[in-house]
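See below for the structure under consideration.
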Amino acid sequence: MKVFIFINSLGAGGAERSMVEYARFLLISNINVKFVCFERRIIGLEKEVEAIGIETIYLPNDQNGFKNQVQFALKIIQEENPDIIHSVLAKSNLILRCTRLFNKKGVLIQSLVNTPYSLERKKDTKLSWEKFWLMKQLDKWSARMTRNIFYHAITQKVLEHYQPLFKIKENYEVIYRGRNLNNFINNEGNSDFTVISSGRQEFAKGHINLLKALVYLREKYNFENIKVEILGREGAYTEKIKKYIAEKGLENQVSMPGFVTNVEQRLAQAQVFIFPSYYEGLGGALIEAFAAKLPCICSNIPVLKEVVGDEKGALFCEPGDYKCLAEQILKLYQDENLRNSLSDYSYNRFKNEFQLEAINKQMLDMYKSVLKT
């Protein structure tokens, strides 16, 4: 079996991390696997993939533009003739659909990893609604007009998001993302009460609401006995976040180390994980928090409720409700028994549903099944 994974880049996102771990598994399983990337990223996983020994083919710098990207992908497919052509993320999915106009060899699998047309995106002041509408139409019609796509959805809610748009019938499978066991969970944690959040610094991740919660706790309760650590690469909202921290005098409470390679260790040292997203596809960071045995506070959105699995498995707040977020943080700070209960739930949920080895085997079984049809 020859597998080519087409992805926007090997950047620092959850989809990229998941595909790198899966490609590692394929390599160990003696399957010929390569990455094809349309962008280079200084911050991300390129060096890690190189160290693993997985070949990566990058779009040349002088071949930018959609037409060149399609021609680049088509040339690779025609020359290499892979059995599985697996694309991940919206741009890569669109490019690979266009290649099917000229080459129909190989099985095309497309991962659906987010809910990009969620109405929550209207709250993003940096979003161009003209571009949003155009992308949605391109996504919809390219999917409907391309035959023989098999879809991999990372949650049931992501599948439901796309089903009416793409008219997906029986050509799909839902397989969660997985993560490795956290090897640091029995180490000593921080002496300070630390809440941690992880995700790129974009509107979708809702970091600004976590900061507003800190200000609310200070102003209403005179409470400043917690530290906040925000992990993840810089993005469109980085300057807004930094400006808010400076304006509100949060420098002594908040640290933003950016993209780091010791996420597991940092999670294991924290006391609470907060995931205040406006929308998600699954939330790999939440799975990592489960593996670290952390009690979690999440946005009350369908995807995250599916991932948590039980109303009592985490504390929930409506997206953007920083006052609720503040009260839930205070509740966990004051109630050690609740922290312990949610911690146990998180870890059991991880072991039962999200262990990486089991997820990777499901993905490979999906490949084998699709090749037989």
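Is the shape of region 235-341 rounded, prolate or oblate, going by the alpha carbon gyration tensor and its root eigenvalues a ≥ b ≥ c, with a/c under 1.5 for rounded and a/b larger than b/c for prolate?
Working: a/c = 1.35, a/b = 1.35, b/c = 1.00.
Cα axes put region 235-341 in the rounded bin.
Give, in nm to one decimal, the length gained when the segment between Glu55 and Asn300 is fully stretched (0.36 nm per residue of separation minus the Cα-Cα distance).
Stretched out fully, the Glu55 to Asn300 stretch lengthens by 84.2 nm.
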Taking the alpha-carbon centre of each part, the distance from region 124-178 to region 1-65 in Å is 22
Taking placed amide H atoms and a strict 5 Å upper bound, the residues 5 or more places from Thr194 or on another chain that come that close are Lys227, Gln271, Val272
Isolated Cys residues of the chain, judged by Cβ distance under 4.7 Å to other cysteines
Cys37, Cys98, Cys296, Cys298
Rolling a 1.4 angstrom probe over the protein chains, ignoring ligands and nucleic acids, what is the accessible area of His86 in square angstrom, nearest 10?
0
Using the Karplus curve 6.51 cos²θ - 1.76 cosθ + 1.60 with θ = phi - 60°, work out ³J(HN,Hα) for each residue of region 240-251 in order, rounded to whole Hz, and write x for Gly and Pro.
5, 5, 4, 5, 5, 4, 5, 5, 9, x, 9, 4
Through the Karplus equation 6.51 cos²θ - 1.76 cosθ + 1.60, θ set to phi - 60°, convert the phi angles of region 111-124 into ³J(HN,Hα) values in whole Hz; use x for Gly and Pro.
7, 9, 10, 8, 10, x, 9, 5, 5, 4, 5, 4, 7, 7
Structure-based [θ]222 nm, the chain - -39500 (n - 2.57) summed over DSSP H runs of at least 4, per residue, nearest 500:
-14000 deg cm²/dmol
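Once the other residues with Cβ under 14 Å from the Cβ of Val307 are scored (Lys, Arg +1; Asp, Glu -1), what is the net sum? Kindly include the intermediate steps, with their values, before the conclusion.
Values: positive: Lys157, Arg177, Arg179, Lys305, Arg349; negative: Glu280, Glu288, Glu306, Asp310, Glu311, Glu353.
For residues surrounding Val307, the net value is -1.
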Roughly what angle does helix 129-145 make with the longest principal axis of the chain, taking Cα atoms, 0 to 90 degrees, to the nearest 10?
40
Counting only pairs 8 or more residues apart or on different chains, how many lysine pairs in region 210-294 have their Cα atoms under 17 Å apart?
10
Excluding ligands, DNA and RNA, what is the solvent-accessible area per residue of region 129-277 at a probe of 1.4 Å, expressed in Å²?
51
Listed residues Asn182, Asn93, Ala204: farthest to the positive end of the dipole of region 73-219 (Cβ charges):
Asn93
When the charge dipole of region 143-281 is computed with +1 at the Cβ of Lys and Arg and -1 at the Cβ of Asp and Glu, the Cα pointing farthest to the positive end, of Ser191, Phe150, Leu267, is that of Phe150
How large is the dipole of region 260-355 about the Cα centre if only Lys and Arg carry +1 and Asp and Glu carry -1, each at its Cβ, rounded to the nearest 20 debye?
180
Under the rule a/c < 1.5 gives rounded, and otherwise a/b versus b/c splits prolate from oblate, where does region 1-78 land using the Cα gyration tensor?
oblate
At a 1.4 Å probe radius, carbon and sulfur cover how many percent of the accessible area of region 108-163?
55
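The values are calculated or read from the model by the stated rules, or taken from the named source; none is laboratory data. Nothing here was measured: the structure is a model prediction, and the numbers come from that model. FYI the Cβ positions are ideal-geometry reconstructions off the backbone, even for glycines, and counts take in every protein chain you see. Accessible surface is based on the protein model in full, side chains and every heavy atom, while ligands, DNA and RNA are left aside. Shrake-Rupley method; radii C 1.70, N 1.55, O 1.52, S 1.80 Å.
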